[in-house]
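Comments concern the structure below.
The values are calculated or read from the model by the stated rules, or taken from the named source; none is laboratory data. All figures in this text were calculated on a predicted structure; none of them were measured in a lab. Virtual Cβ from ideal backbone geometry, glycine too; neighbours counted across all protein chains shown. Each accessible area value is taken on the protein alone, full model and side chains, heavy atoms only, with ligands, DNA and RNA left out. Shrake-Rupley method; radii C 1.70, N 1.55, O 1.52, S 1.80 Å.
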Number of protein chains: 4
Amino acid sequence: MVKLESPVIVLNFKTYSQAVGEKAVEMAKICEEVAAQGIDIVVAPQIPDIYRVASRVNIPVFSQHVDGAGAGSFTGHITAEALRGSGSAGSIINHSERRLNIADIDAAVQKAHESELITILCTNNVNTTAACAALSPDFVAIEPPQLIGSGIPVSKADPGIVTDSVKAVKQISPGVRVLCGAGISKGEDLKAAIELGSEGVLLASGIIKAKDPRAAMQDLIKLI
Amino acid sequence: MVKLESPVIVLNFKTYSQAVGEKAVEMAKICEEVAAQGIDIVVAPQIPDIYRVASRVNIPVFSQHVDGAGAGSFTGHITAEALRGSGSAGSIINHSERRLNIADIDAAVQKAHESELITILCTNNVNTTAACAALSPDFVAIEPPQLIGSGIPVSKADPGIVTDSVKAVKQISPGVRVLCGAGISKGEDLKAAIELGSEGVLLASGIIKAKDPRAAMQDLIKLI
Amino acid sequence: MVKLESPVIVLNFKTYSQAVGEKAVEMAKICEEVAAQGIDIVVAPQIPDIYRVASRVNIPVFSQHVDGAGAGSFTGHITAEALRGSGSAGSIINHSERRLNIADIDAAVQKAHESELITILCTNNVNTTAACAALSPDFVAIEPPQLIGSGIPVSKADPGIVTDSVKAVKQISPGVRVLCGAGISKGEDLKAAIELGSEGVLLASGIIKAKDPRAAMQDLIKLI
Amino acid sequence: MVKLESPVIVLNFKTYSQAVGEKAVEMAKICEEVAAQGIDIVVAPQIPDIYRVASRVNIPVFSQHVDGAGAGSFTGHITAEALRGSGSAGSIINHSERRLNIADIDAAVQKAHESELITILCTNNVNTTAACAALSPDFVAIEPPQLIGSGIPVSKADPGIVTDSVKAVKQISPGVRVLCGAGISKGEDLKAAIELGSEGVLLASGIIKAKDPRAAMQDLIKLI
């Protein structure tokens, strides 16, 4: 598996029109250039774009989702095996825009690890962060849903949710690393996220929808 | 809230034709008679039957499901407030036949507790048991899905899943009590469940579909 | 089955705090009194409240949801049989706040009819109205989701969706009756709904959250 | 859009281990060779494999699933736009292993058509076939779930479901073409499917899991 050094930046392309198809490759190339300054940047394009992006850049490409299904009669499910074969190095799981039931989250984490995918399990509050830590993903990413896409950084709006998440995770499953997300876009936000005890950020619109995504990414890392 | 003493027996009526409508009341009355011998028996009829059953027996009546929704625009959702008002003393949550995503499980547990409902959170393996314990329900009920309705008791087929669940729960959230389920029907099964460290059982077909449910329930408690 | 004469008024209590438990009975009694003026008013309280409401009023009580499950291992599912036994005369199906996949909608309509429940199948546009008409419910209720709870009546905001729905239904399944909903609250709205070819309305907040629900209901029927 | 001539053969790779990653390309190449005899064969690999497969064969590559989501905050959703960009010529929608609610089916068909994807909408009985025809996909594919993967062809086990589906579709939406599936694997099955009025078949395990998929595909088309 790829080794990701703190601070980790995970850029979720969602289904934004600014980063689909060939534009997904371009966005990933921008990230690759910024990452060359010595910081781990992960890109998560739409699933049909993973193969294309992964064959064109040398930074880790993650999926936005993976199911718990293995080989068999599971039409339309996203398997860890297929993701791995398409060049994915990991996957986001249970994003608030693509939630799973808890048995499926557990299965998805297991299957992903069998295929040597790094797992980022998204959570919405301290309780579910604690619960998800018990499933032993590589990362949990705490994102209060009301702040997603808001432009108000979680590190400012609700710093306690980050510190309490870090604390809860360390008690239950100390090997699990914590990311935080929602409203993150500036260097100050990333710096605050690290100071609160997280090891990086999960972000999307703040970079993807920026007029100049390269400048936005550059701003994000300026204080670290 | 009702205080349930170990061993606790929770009888899930599912949607069995043997225990719907007036037959649900009859099944609950059988349980009430057996419970009079000094054992806590909880009945979980179909949701539309709760009010009728709860107004006719004096043992705790639980719901088979509760949603995380509160008051508002949530047509068709099952709220804790309405359950409480209909005479429910608690609710099963996340049964393998009615799974929820993890954010909704957390919300359902919170809302249920606000309405003073006892919560039984169902899980399918040790991992998800640990995760669910972190959500602080009153009980977790570990039920390997492949054994549900099989007639093969979990306490015999997979005793390790029960002891490991008990151990995981005690580490994460010592106040949470453990039930076990799947394939339970006889006195030996309940005895084994207790010896493995659980505080009771969740069962269904073994009693409901028995030729003589009263005799089956009597058999279940004979060794305790 | 109950015979409902046009115009039909269906009042969805959703999970509003103004109409749960004993307050659901009170709201239903208000409807019963207004209905005594010679108009068919159906009430749809929360599912746990159906038995209580149905045993206290003489107007039709509908469920807000029914599943396609029959008798068996379907914990937490809402069966037509249990609804019928609890005094329900019908059910809303596939409300935009409680959507079902199409195979389950079909099963729910079938099961409901086997239990002699009247079915109201909710749809969101002309296409899905046409599709749902093919499943032969008693009623389809067209409700553009963006207008639900808006206070802007569909009959004014988008009259074409009502007339086109009526036309589509008549072509595919002429026996199916059309209701319309979303933003309905005043006498003018009901009158317009009828003039557009529908046979009644499905409404909620406009009455339930009114300061004086009786006056609001009285206003609703004043022009017919 | 690609023009597909009857009889159309759609090979669903599901998540079978025999047809993932580079093996998906090999399976598609086998289909391409057989198709060169003058028959339209469509392949539907796992979504992460579409780009790789589509860039290596000249037969139509379909997705196994598409969501109704467009551009925006829809992490993990499969958009028609991304599928189109990855080389997809169409998509299966609402397979029994990946069902959608009816509003989402409608949105998925619309979005797919906007991206010039051919749509195959799966249904489970005559009722839902009629309903889905009203949503104007290019094809409906009727597959009784109990026969999927059974080896018992629908054309033999339940020919009436095919003829009744064809009849229902012609009444509601005559431009919609009918495929049938479930248990199809031999030349006799395809011939029967055509004679019953369908324009082709949707199949999976009969070819993918055959010892010699090329021979199996050759057998399938031998009578047409």
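In table form, for the structure just shown:
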quantity	calculated
Accessible surface of the protein assembly as shown, 1.4 Å probe, proportion on carbon and sulfur as whole %	49
Nearest-first distances (nm) between copies at residue C:157, label 7 Å from Cα via Cβ	2.5, 4.6, 5.1
Area accessible to solvent at residue B:26, 1.4 Å probe radius, in Å²	100
Most mobile listed residue (A:141, A:103, A:193) in chain A, GNM with C-alpha springs under 10 Å	A:103
Structure-based [θ]222 nm, the protein assembly as shown - -39500 (n - 2.57) summed over DSSP H runs of at least 4, per residue, nearest 500	-10500 deg cm²/dmol
Charge sum, other residues only, whose C-beta stays under 11 Å from residue C:131's C-beta, Lys/Arg counted +1 and Asp/Glu -1	-2
Over the range A:8-221: Kirkwood hydrodynamic radius from C-alpha pairwise inverse distances, Å	16.9
Student exercise, the range C:135-224 dipole from Lys, Arg, Asp, Glu Cβ charges, in Debye to nearest 20	160
Cβ charges +1 (Lys, Arg) and -1 (Asp, Glu), total dipole of the protein assembly as shown, debye	0
C/B buried area, accessible surface, summed, 1.4 Å probe, Å²	2900
Teacher prompt: residue C:170 distances to equivalent labels in other copies, 7 Å Cα→Cβ, nm	2.6, 7.1, 7.3
Linear extension gain, residue D:58 paired with residue D:29, 0.36 nm per residue minus alpha-carbon span	9.6 nm
The range A:134-224: equivalent-ellipsoid semi-axes (sqrt of 5 x gyration tensor eigenvalues, Cα, Å)	23, 13, 12
For residue C:114, label point 7 Å along C-beta direction: distances to other copies, nm	3.7, 3.8, 4.0
Candidate residues A:62, A:74: accessible-area rank, largest first, probe 1.4 Å	A:74, A:62
Nearest residue to the symmetry axis between C and B, taken on chain C by its Cβ, in whole Å	C:51, 2
Residue-count net charge about residue B:81 - beta-carbon cut-off 15 Å; Lys, Arg +1, Asp, Glu -1	0
Selection from A:224, A:160, A:150 lying farthest towards where the dipole of chain A points positive, charges on Cβ	A:150
Accessible area (Å², per residue) of the protein assembly as shown, counting only protein heavy atoms and a probe of 1.4 Å	33
Chain C: relative contact order as a whole-number percent, Cα under 8 Å and 6+ apart	18
Dipole moment magnitude, nearest 20 debye, the range B:57-212 about Cα centre, only Lys, Arg, Asp, Glu C-beta charged	240
Cross-link pairs beyond the 22 Å C-alpha cut-off, checked among D:29/D:209; B:111/B:167; D:186/D:211	B:111/B:167
Segment residue C:116-residue C:222, extension gain: residue separation times 0.36 nm, minus the distance between their alpha carbons	35.0 nm
Rounded FRET efficiency, nearest 0.05, which uses the C-beta distance separating residue A:212 from residue D:146 and R0 of 51 Å	0.35
